[in-house]
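To start, the structure itself, in structure tokens.
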Amino acid sequence: VFRLTCAMIKSDIHHGGASAVADAGHQTKTRPAAVKLGVDVHSRLYVVAVQHGHGAIKPARRFEPHEFVPWVGTLLAAGHAVHVVYEACGFGFGLCRALERAGAHCVVIAPRKLDERRSGVKTDARDATMLCQLLTRYLDGNVRELATVRVPGEEEEKARHIPRQRDQLVRARKRLQAQGRGLLVSHSLPAPPNWWRPQTWARLIKLLPDWTPPLLETSRPVLSALAAEIGKLTAQLEAKLAAANAATP
């Protein structure tokens with residue numbers, strides 16, 4: 001009886017273990033691998049390096065911007081978990097939001113040098129491949145491989161344009177204002193900082209030789225228009241700040 005019982009146990013273990021291994025092997029074969037995509041983003045072209053699981057990174061592919069997210073959708077529809085990385089750039093975060101709406105996981109990172117070997121050779125395909133390699137390390141737990149940036153919401157991103165535009169206009173005004181002062185200083189003439197403003201200009205013009213006012217007059221309307229737009233944007237920002245402070249308990 002003892003021998004019979006042992007034989008039955010061995011039989012159960014053998015067949016049960018074989019079945020479990022077979023099931024595990026079947027799941028491993030049928031479960032789609034995670035797909036990692038390193039994307040070098042340009043205004044008219046995306047260069048994409050693709051890695052399935054921990055396999056070799058495939059040669060980079062090229063997509064027009066409108067083609068890329070639908071293609072990612074086909075990977076998702078096939079059951080793959082899709083992970084994407086690209087560098088923050090002047091194109092905003094619309095790509096990241098579109099990918100996440102489609103169901104992909106997207107990481108946006110701060111711009112960085114991607115030539116780890118310092119070969120001096122830089123191509124879009126190499127950059128995409130390097131991004132893909134860094135993403136794999138990051139997903140494997142080496143979180144320091146990527147300096148991720150926070151992706152703002154659409155409304156937050158829109159709100160950022162007002163202070164940015166104001167800063168750009170302020171820089172343009174300073175540059176044009178400095179050009180006028182440079183002309184005056186180079187001829188040892190009075191050069192007040194805000195030489196173009198009406199009251200200052202009315203006093204200054206009396207002190208200038210006849211040849212200088214026509215040169216400066218070309219810039220004064222532009223400076224006045226810039227100042228007016230800066231004032232409008234400043235008022236908008238102050239109103240938003242006041243509203244935010246009023247809403248804070």
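The values are calculated or read from the model by the stated rules, or taken from the named source; none is laboratory data. Nothing here was measured: the structure is a model prediction, and the numbers come from that model. All Cβ positions, glycine included, derive from the backbone under ideal geometry; neighbour counts span all protein chains shown. Ligands, DNA and RNA are excluded from the accessible area calculation, which covers all protein heavy atoms including side chains. Shrake-Rupley method; radii C 1.70, N 1.55, O 1.52, S 1.80 Å.
Kindly check whether there is at least one residue in segment 190-197 that is in a helix (DSSP H, G or I), modelled with pLDDT of 95 or more and surrounded by 12 or more Cβ atoms within 10 Å (Cβ to Cβ). No, segment 190-197 contains no residue that is in a helix (DSSP H, G or I), modelled with pLDDT of 95 or more and surrounded by 12 or more Cβ atoms within 10 Å (Cβ to Cβ). Checked against (1) assigned to a strand (DSSP E or B); (2) in contact with a Leu (Cβ under 9 Å, 6 or more places away or on another chain), residue 59 passes all but a single condition, namely (2).
Condition check ((1) open to solvent by less than 40 Å² (accessible area, probe 1.4 Å); (2) in contact with an Asp or Glu (Cβ under 8 Å, 6 or more places away or on another chain); (3) within 12 Å of residue 35 (Cβ to Cβ); (4) without any contact (Cβ under 8 Å) to a residue 40 or more places away in the chain) across all residues:
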{"position": "56", "(1), (2), (3), (4)": "no, no, no, yes"}
{"position": "78", "(1), (2), (3), (4)": "no, no, yes, no"}
{"position": "100", "(1), (2), (3), (4)": "no, no, no, yes"}
{"position": "128", "(1), (2), (3), (4)": "yes, yes, no, no"}
{"position": "133", "(1), (2), (3), (4)": "no, no, no, no"}
{"position": "142", "(1), (2), (3), (4)": "no, no, no, yes"}
{"position": "147", "(1), (2), (3), (4)": "no, no, no, yes"}
{"position": "154", "(1), (2), (3), (4)": "no, no, no, no"}
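Select from segment 132-177 the residues that are modelled with pLDDT of 90 or more, touching a Gly at 6+ places or on another chain (Cβ under 9 Å) and within 22 Å of residue 94 (Cβ to Cβ) and list them in ascending order. Within segment 132-177, 132, 135 qualify.
For segment 202-217, the criterion of being assigned to a helix (DSSP H, G or I), in contact (Cβ under 8 Å) with a residue 24 or more places away in the chain and closer than 30 Å to residue 240 by Cβ is met by none of the residues.
Among the residues of segment 223-233, the ones that are within 18 Å of residue 192 (Cα to Cα) and touching a residue at least 40 places away in the same chain (Cβ under 8 Å) come to 2 in all.
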